[in-house]
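Okay, so here's the structure we're looking at.
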Amino acid sequence: MTCDSYGDARLAAVYDALNPPGADTDFYLDLAGDTPLAILDMGCGTGWLATELARRGHRVIGADPAGAMLDIARARPGGERVNWVQSDAAHLDLATRFDLIVMTGHVFQVFLDDATTLTSLQSLRRHLKPGGRLAFETRNPAVLEWQDWTASQTQTEVVVSGKRVSVHYDVVDVAETIVTYETHFAFGPTDRNVSIGRVRFIDAARLGQLLIGAGFADLTWFGDWDRSALGAGSPEIIVVAGQARGRPQSRPAPRRQAAKAG
Ligand SMILES: C[S@@+](CC[C@H](N)C(=O)[O-])C[C@H]1O[C@@H](n2cnc3c(N)ncnc32)[C@H](O)[C@@H]1O
């Protein structure tokens, strides 16, 4: 049993096969645009997006606390174009300031409480240039997606380095906003591994309050990767945040129903 699958080299190696680039990747590539920017990919994982952004001419730093994920990122074709840094969001301390910080693949949901979330968001805000933006997503708690994280509904098989790996998820606990789930890996009949992950599900109103408390402003909300408006049944809560001028403001959080795509 391992605590999460990101710190273990053999489990990290399965990540790309389970998570190929998709509509979320296109969303973030479009957001970065064609004009070269300084971009931080926070929680970059195995580095697919960071490497692609660098290939398109952006100056990219990919940061992640998991050494096993960064090892894969460094070895990726084109990985030499990116500067890789081992750090979590809260403890990031770079001299560089960024036009755009992205946090993809639901990284935000690993911040399990308000204190960690605020510290992490404040740290990211400090790393933005004036006028810079932070963009990330979190799964909409109203959709109860974790109810589908059962063995029968998630069972899949991927091929990694020519070998079949069978994978499924299983939720083991739901305590208020925190969902604890297992990821079961079968590398062979007797070669199995189970890792435990915990994620927080937060609604848009609370997320807006935390962003504003951390010094962000001009929040633009989307409900899916096609940039559709955020609504009660949207699968994702996607936010693009600018910075408040001067001290962090306290402003009413957006109500999800009223939020609209910018
Ligand atoms: C689901 S993966 C997402 C990877 C990548 N962004 C993607 O879209 O494929 C989550 C990543 O968040 C990283 N992570 C875990 N805790 C973190 C923290 N406190 N701050 C930043 N990243 C963190 C993990 O190491 C892991 O690589």
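The values are calculated or read from the model by the stated rules, or taken from the named source; none is laboratory data. The model shown is predicted, which means the values in this text are computed figures rather than measured ones. As a convention, Cβ positions derive from the backbone with ideal geometry for all residues, glycine included, and neighbour counts pool all protein chains shown.
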Of (1) over 19 Å from the mean Cα position of the chain (by Cα); (2) in a helix (DSSP H, G or I), residue 77 fails just (2)
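Among the residues of segment 174-189 satisfying the criterion of being under 19 Å from the mean Cα position of the chain (by Cα) and among the β-branched types (Val, Ile, Thr), which is nearest to residue 160 (Cα to Cα)?
The selected residue is 183.
Kindly indicate which of 139, 206, 200 is touching a residue at least 12 places away in the same chain (Cβ under 8 Å), surrounded by fewer than 20 Cβ atoms within 10 Å (Cβ to Cβ) and under 21 Å from the mean Cα position of the chain (by Cα).
It is 206.
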Is segment 95-111 home to any residue that is out of contact with any Ser or Thr (no Cβ under 6 Å at 6 or more places or on another chain), in a strand (DSSP E or B) and surrounded by fewer than 16 Cβ atoms within 10 Å (Cβ to Cβ)? no
Given the condition more than 13 Å from the ligand (Cβ to nearest atom) and buried (at least 18 other Cβ atoms within 10 Å of the Cβ), answer yes or no: does some residue in segment 14-31 qualify? no
Taking segment 1-49 on its own, how many of its residues are in contact (Cβ under 8 Å) with a residue 24 or more places away in the chain and within 12 Å of residue 100 (Cα to Cα)? 10
Among the candidates 62, 47, 79, which residue alone is farther than 23 Å from residue 130 by Cα, within 12 Å of the ligand (Cβ to nearest atom) and at pLDDT 95 or above? 47
Verdict on residue 124 being in a strand (DSSP E or B) and either at pLDDT 95 or above or surrounded by 14 or more Cβ atoms within 10 Å (Cβ to Cβ) (or both): no
